[in-house]
Amino acid sequence: MKTLIKNGTLVTAEKTFAADILIEGEKIARIGTHLPVEDAEIVDAAGKRILPGGVDPHVHLDLPMFGTVSSDDHYTGTKAAAFGGTTTVIDFVSLAPNPSHTGRGAGVRESVAAWLQKAEKSAVDYSAHMNLTRFDEKIAAEIPALRGMGITTLKVFTAYNGRLRIDDGSIFKTLRIARDNGMLVLLHAENGDVIDILTAEALKAGYHTPEWHAKTRPAWGAVESALRAFALAATADAPLYLVHMNVAGEVDMLRYARERGVKAMGETCPQYLFFTEDDLRRPDGAKWVCSPPVRTTADNARLWEGLADGAIQTIGTDHCPFFYDGSNPILYEGKDIAIPGKELGRDDFTKIPNGLPGVQDRLPVLWTAGVGSGKITAQQFVALNSANPAKIFGLYPRKGALLPGSDADIVIWDPERKVEYGVGLSHQRTDYNLYEGWKLTGFPEKVFLRGQLIVDGREWLGKPGGGKFIERAPGIIL
Ligand code: URP
Ligand code: ZN
Ligand code: ZN
């Protein structure tokens, strides 16, 4: 099957230019003007921008937490992604808490197999990072095998003591293993010890409202653990990618490390560009509870600066939605759905499930608030949301590019379309949207996944299992 997208303006990370795109099967076959094609279906894109499909390097789908589960599974979350113009997502494999019952391995293979089974209903293409939440000799020995499974990235944590955190020595050893195997370590930077002390004190003093989530997770913890990990990476001569950057000081630490030749890279998320602790003080503040927490307007501004001047390489979403009121069903694909959510922490901020919806919102919100406002250019928008995550995570040029031979993951973007955004336009399976009532200009019109039209205006043409697991290669250090 052939499709010719005619008369559009292509936007890549490098340039903006008028051209037609010929899709043959799952791939982009040719790009040019006056392409001599007789047997193709024609899509007229006059007045539209043609973008490579978004690559979201950080989502959590079907993630168990605090006795419930994040409300988007691999189908509903990837359907929402598609409606927002994102055609590839990278989720996380949870490492099974106990070694394999056979006693032979550390459980890495079993954990990947279990995740692959859950993820196969994805409607867009997908991969995963490995959450390295235990470390011992058996695990160290199994990490290189992940390469053969197409998983080339490992996330480590300096917080969530007793649950997800591994100690600094184990992070250092992980960095060396990653270096020797062409893999990349991702860091969740907060200070777990300080968080535990402040949380216990806050609870003892009777503080229970959502703002205490932020007050017990101080910004300095993010700054010092980012620098600590960059120091470990420099010593190990290994690359390190800082996830969900939320604090101005992290931008400074990232700059400091990069200026000294450390292979340091970073990602921020829309919630850290727009929201602050003031949102946690609203009556419905639980909607904004995520880890790390939202901070201050000064942090918002410095993160924007980091995006604009190239200090920060990517924007992910950390999509991890929960219902605001999980006792009240919503209608989803004709069925009533209610999943326990933020209400679990009504009387205790430590019991509010951590996470926010965002996988669909990322591109539409950033087009208006970033490109529309002149904070970033359209090319930077493509670099941050598609090309750079694809490069760093070993997907480029198959993903994140408009090139002959790339997967035909293409978004026809209407830069003039005005919408009042919110839960009414969102396919994220939750009962709220952080951008409720925002007036946006620019919205995805058609979305192609490997040559298949999966979103046409408000119509859903995709399906569960329409996405493919993409085996990733080692990435590029940007
Ligand atoms: O609140 C969040 N972000 N939940 C997901 C876990 C994480 O650390 O990214
Ligand atoms: Zn994290
Ligand atoms: Zn996350």
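The values are calculated or read from the model by the stated rules, or taken from the named source; none is laboratory data. In this text the structure is predicted, and so the values were computed from the model without any measurement. Every residue, glycine among them, receives a Cβ derived from its backbone with ideal geometry; neighbour counts consider all protein chains shown. In case anyone asks, the SASA skips ligands and DNA or RNA and just uses the protein heavy atoms, side chains included. Shrake-Rupley method; radii C 1.70, N 1.55, O 1.52, S 1.80 Å.
Potential lengthening of the chain between residue 7 and residue 35 amounts to 9.0 nm, from the contour at 0.36 nm per residue minus the alpha-carbon distance.
Seen from residue 404, the other residues with C-beta closer than 9 Å to its C-beta sum to a net charge of +2, counting Lys and Arg as +1 and Asp and Glu as -1. Taking a sphere under 10 Å around the Cβ of residue 420 and counting the other residues whose Cβ falls inside, with K and R at +1 and D and E at -1, yields a net charge of +1. Ignoring ligands, DNA and RNA, what percent of the accessible area of the chain is carbon or sulfur (1.4 Å)? After summing per-atom areas, the C and S share lands at 52 percent. Charge dipole (Cα centre; +1 on Lys/Arg Cβ, -1 on Asp/Glu Cβ; no other charges) of segment 54-379 amounts to roughly 520 debye. If r is the Cβ-Cβ distance from residue 278 to residue 476 and R0 is 41 Å, what FRET efficiency results, to the nearest 0.05? It comes to 0.60.
Once all protein chains are placed together, residue 438 keeps about 80 Å² accessible to a 1.4 angstrom probe.
The gain in end-to-end length when the residue 161 to residue 463 segment is fully stretched comes to 104.8 nm, 0.36 nm per residue minus the alpha carbon separation. A cut-off of 5 Å between modelled amide H atoms, ignoring neighbours fewer than 5 places along the same chain, links residue 184 with 153, 154.
Can you tell me which lysines have their Cα less than 27 Å from the Cα of residue 342? Leave out same-chain residues fewer than eight positions away. Residue 342 reaches 79, 118, 121, 155, 204, 215, 287, 351, 439. Close amide H contacts of residue 48 (hydrogens built in the peptide plane, cut-off under 5 Å, sequence separation of 5 or more or a different chain): 9.
Solvent exposure of the chain, expressed per residue, is 37 Å² of accessible area, with all protein chains present and a 1.4 angstrom probe. For the pair residue 436 and residue 109, the difference between a 0.36 nm per residue extended length and the Cα-Cα distance amounts to 113.6 nm. Label separation (residue 65 vs residue 347): 2.3 nm, computed from points 7 Å beyond Cα along the C-beta direction. Kindly list the residues of segment 120-140 that lie in the label zone of residue 337, defined by a backbone N under 18 Å from the point 7 Å along the Cα-to-C-beta vector. Taking a point 7 Å out along Cα→Cβ of residue 337, the residues of segment 120-140 whose backbone N falls under 18 Å are 120-125. Can you tell me the FRET efficiency between residue 172 and residue 420 if r is taken as the Cβ-Cβ distance and R0 is 45 Å, rounded to the nearest 0.05? Once rounded, the FRET efficiency stands at 0.35. With the helix formula -39500 (n - 2.57) applied to DSSP H stretches of n ≥ 4, the chain reaches a computed 222 nm mean residue ellipticity of -7500 deg cm²/dmol. Computed 3J(HN,Hα) for segment 305-315, one whole-Hz value per residue from the Karplus formula 6.51 cos²θ - 1.76 cosθ + 1.60 where θ = phi - 60°, is 4, x, 5, 5, 9, x, 5, 9, 9, 9, 10, glycine and proline marked x.
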